[in-house]
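One structure below.
The values are calculated or read from the model by the stated rules, or taken from the named source; none is laboratory data. None of the values given here were measured: they were computed from a predicted structure. For neighbour counting, all protein chains shown are included, and Cβ atoms are generated from backbone atoms with ideal geometry for every residue, glycine included. Heavy atoms of the whole protein, side chains included, go into the accessibility calculation; ligands, DNA and RNA do not. Shrake-Rupley method; radii C 1.70, N 1.55, O 1.52, S 1.80 Å.
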Amino acid sequence: MCLFCKIVNKEIPANIIAEDENFLAFHDINPKAPVHILVIPKIHVDSFDEVNGETMAGITKFMQDIAKETKLNESGYRVITNIGENGGQEVKHLHFHLLGGAKLKWEHFTDADPKDFL
Ligand code: 5GP
Ligand code: ZN
């Protein structure tokens with residue numbers, strides 16, 4: 001069973017923010033912004049590459065509700081999902097990062113110079 005499935009099953013503790021029948025939100029253990037929330041489906045889905053539209057519709061509403069409850073929506077925030085090797089995905093269970101609480105940086109995502117690929 002993967003790490004996030006263990007969090008769903010409460011075999012590993014997490015600082016849970018919100019939960020319903022299908023989705024779970026909890027604080028990232030190693031925050032990269034003042035607010036760093038992870039949102040996952042309770043069923044195991046490997047990544048965004050595998051997710052169906054029904055789950056995406058549900059998790060979208062769930063994330064919008066969290067943004068309202070935490071007031072992230074008032075100051076702005078970012079939603080990120082990493083996919084596979086080049087995406088930098090470490091945990092192979094679909095998760096969305098909700099980042100905010102301060103002005104976020106927007107810089108090159110790779111050491112390779114993007115202009116070299118034009
Ligand atoms: P990824 O790199 O796969 O997109 O993101 C995985 C995220 O999960 C990372 O931001 C990492 O800090 C977080 N993480 C890894 N293990 C745990 C854990 O046991 N508990 C919590 N709450 N977050 C974790
Ligand atoms: Zn899983």
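Each residue, Ala102 and Glu21, gets one label point 7 Å from its Cα in the Cβ direction; the gap between the two is 4.0 nm. For the charge dipole of the chain, defined by +1 on Lys and Arg C-beta atoms and -1 on Asp and Glu C-beta atoms about the Cα centroid, which residue among Ser47, Gly87, Gly100 has the Cα displaced farthest towards the positive pole? Farthest towards the positive pole: Gly100. Net length available on complete extension from Leu118 to Ile83 is 10.3 nm, with 0.36 nm assigned per residue and the Cα-Cα distance removed.
How far is helix 53-69 tilted off the main Cα axis of the chain, in degrees rounded to 10, range 0 to 90? The angle comes out at about 90 degrees. Among the GluC sites (Glu not before Pro) in segment 31-118, those placed in a DSSP loop whose Cβ has at most 15 other Cβ atoms within 10 Å are Glu90, Glu107.
Over segment 59-117, the pair-distance histogram of Cα-Cα distances with 10 Å bins from zero comes to 18, 39, 33, 9, 0 percent, rounded to whole numbers. Ligands, DNA and RNA left out, the 1.4 Å accessible surface of the chain is 51% carbon and sulfur atoms.
Counting only helical runs of four or more DSSP H residues, what would the 222 nm mean residue ellipticity of the chain come to if each run contributes -39,500 (n - 2.57) and the total is spread over all its residues? Numbers along the way, then the final one.
Working: 4 runs with 31 residues, N = 118.
The helix-only estimate for the chain comes to -7000 deg cm²/dmol at 222 nm.
With the simple model of a label 7 Å out from the Cα in the direction of the Cβ, Ile12 to Ala57 spans 3.2 nm.
Taking the Cα centre of the chain as reference, the dipole from Cβ charges on Lys and Arg (+1) and Asp and Glu (-1) amounts to some 400 debye.
Roughly how many whole Å is it from the C-alpha centroid of segment 50-118 to that of segment 7-26? When both Cα centres are located, 18 Å separates them.
Normalising by residue count, the chain has a Cα convex hull of 128 Å³ per residue.
Taking each residue as 0.36 nm, the span from Glu74 to Asp46 lengthens on full extension beyond its C-alpha to C-alpha distance by 6.9 nm.
Shape summary: segment 47-86 maps onto an equivalent ellipsoid whose semi-axes, from the alpha-carbon gyration tensor, are 23, 14, 5 Å in decreasing order.
Among the listed pairs Lys6/Lys105; Lys6/Lys92; Lys42/Lys92; Lys32/Lys68, which have their C-alpha atoms separated by more than 24 angstrom in this model?
Working: Lys6/Lys105 32 Å; Lys6/Lys92 13 Å; Lys42/Lys92 13 Å; Lys32/Lys68 20 Å.
In this structure, Lys6/Lys105 lie more than 24 Å apart at Cα.
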